[in-house]
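The values are calculated or read from the model by the stated rules, or taken from the named source; none is laboratory data. Model, not experiment: these values are computed from the prediction. Because the Cβ atoms are built from the backbone with ideal geometry, glycine has one as well, and the counts that use them run over all protein chains shown.
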Amino acid sequence: MAILKPKPLFPSYIELKEMSLTDYPQLQQLLEISPEWQKQHWDWAILFLGYIGRNKSEHTYVRFRNEVEKFLLWSFLIKDDSIDNFKKSDILDYADFCWKPPVSWIGTSNVAKFKFENGYFESNKQWRPFKIQAPKSQIEKECNKKKYKPSQQTLISTFTAIIAFYKFLMNEELCLGNPAQIAKKDCKHFITESQVKEVKRLTEEQWQYVLDTAVDMANENKLYERNLFIIASLKVLFLRISELSERDSWSPEMGHFWQDLDKNWWLRVYGKGRKLRDTSVPTDYLAFLKRYRQSRSLSGLPYTDERSILVEKIRGQGGMTSRHLRRLVQETFDHAYNKMSQSVNPTDTSLNISWSNKNIEMAVL
């Protein structure tokens with residue numbers, strides 16, 4: 001392909017499961033005019049992403065999809081060579097590309113890969129494989145794309161996904177080796193840290209400030225009762241956002257709260273590694289549970305085998321995905337930040353925090 005402008009290759013997992021290329025006319029046309037090896041690579045990626053979607057979390061699917069998509073676009077449009085021919089040097093070339101991608105490949109906001117229009121999924125012209133955004137603390141929101149530089153965590157995620165992709169292809173006997181595994185050790189962009197690394201997480205005072213803000217929001221508007229319940233669950237029960245979310249293999253329900261013979265409350269959650277675990281429910285959390293249930297016209301506390309959705313959509317049916325839950329958490333963080341900015345003494349550093357998506361991920365994912 002002579003055109004260097006990237007176009008999206010893969011949809012969400014829900015759309016992938018029922019995907020027919022006839023519903024994606026632009027993508028279908030792109031693959032039809034591409035060399036046979038590129039169509040073959042796309043098929044390989046579909047198999048891999050289907051496997052990831054079935055066996056991993058939604059968050060993992062999105063991360064791996066984005067990385068494999070970038071990798072294939074680079075092999076198609078820049079390298080113009082089949083990935084089963086790649087050596088260590090080729091993967092290091094790709095790492096250099098990711099370190100400083102062309103400006104035309106960088107976007108400044110989150111946009112959907114495809115738009116559903118006139119009965120078809122059209123490629124979104126605003127979509128780009130890489131993204132740069134101004135931090136919330138920056139007043140001027142315009143970004144200089146030439147200043148894009150991936151974080152160490154982003155670079156790690158890139159290699160993790162590509163290594164996993166090659167491993168899958170080797171297991172399927174489609175590739176003979178894993179050059180990404182070898183190249184990772186020699187990538188010059190990785191920084192070796194020997195010092196003690198400070199773990200970024202919210203302090204107890206910061207969590208309490210967010211919780212108090214969520215209480216104020218719910219007192220002022222009943223629509224925020226759900227925000228309060230989510231924040232309370234994350235803070236008091238030490239849950240991850242994914243453990244509150246609706247997934248193909250698990251739907252959190254009120255009946256997952258239960259009492260033992262000593263009248264202690266527990267919550268059964270579906271966590272990392274597709275493992276069920278019971279987490280203890282402190283007495284002071286029950287007030288938040290009762291409040292949220294009453295806002296939904298439910299009884300004060302759950303009963304055995306109750307099938308009510310744990311975190312319910314306001315519009316539509318069923319539970320909420322991690323993406324929707326994360327938006328509600330971010331909304332509460334933003335309220336807390338605005339409130340803190342107006343009330344906290346600038347010299348008081350005990351509540352100082354950068355309210356970014358990264359903070360949410362470090363704290364509650």
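For the subset of segment 143-186 comprising residues that are surrounded by fewer than 18 Cβ atoms within 10 Å (Cβ to Cβ) and among the aliphatic types (A, V, I, L, M), which member is nearest to the chain's Cα centre (by Cα)? Only one residue tops the list, namely 156. When residue 247 is tested against the conditions (1) touching a residue at least 60 places away in the same chain (Cβ under 8 Å); (2) within 27 Å of residue 208 (Cα to Cα), the lone failure is (2).
Among the conditions (1) in contact with a Pro (Cβ under 8 Å, 6 or more places away or on another chain); (2) assigned to a loop (DSSP other than H, G, I, E, B), residue 243 misses just one, which is (2).
Looking across segment 1-25, just one residue is among the polar types (S, T, N, Q) and surrounded by 14 or more Cβ atoms within 10 Å (Cβ to Cβ), and that is 12.
For segment 247-301, enumerate the residues that are assigned to a loop (DSSP other than H, G, I, E, B) and small (Gly, Ala, Ser). Selection gives 249, 251, 271, 297, 299, 300.
Considering the conditions (1) modelled with pLDDT under 80; (2) closer than 24 Å to residue 267 by Cβ; (3) part of a loop (DSSP other than H, G, I, E, B), residue 346 is excluded by exactly one of them, (2). Inclusion of residue 36 among residues that are over 30 Å from residue 320 (Cα atoms), in contact with a helix residue (DSSP H, G or I) (Cβ under 9 Å, 6 or more places away or on another chain) and not assigned by TED's automatic domain parsing to the domain that holds residue 275 is not warranted. Selection of segment 82-137 for residues being exposed (fewer than 14 other Cβ atoms within 10 Å of the Cβ), of a type in the set (Asp, Glu) and either outside any helix (DSSP H, G or I) or touching a helix residue (DSSP H, G or I) at 6+ places or on another chain (Cβ under 7 Å) (or both) yields only 117.
The single condition among (1) surrounded by 11 or more Cβ atoms within 10 Å (Cβ to Cβ); (2) assigned by TED's automatic domain parsing to the domain that holds residue 340; (3) in contact (Cβ under 8 Å) with a residue 60 or more places away in the chain that residue 211 does not satisfy is (3).
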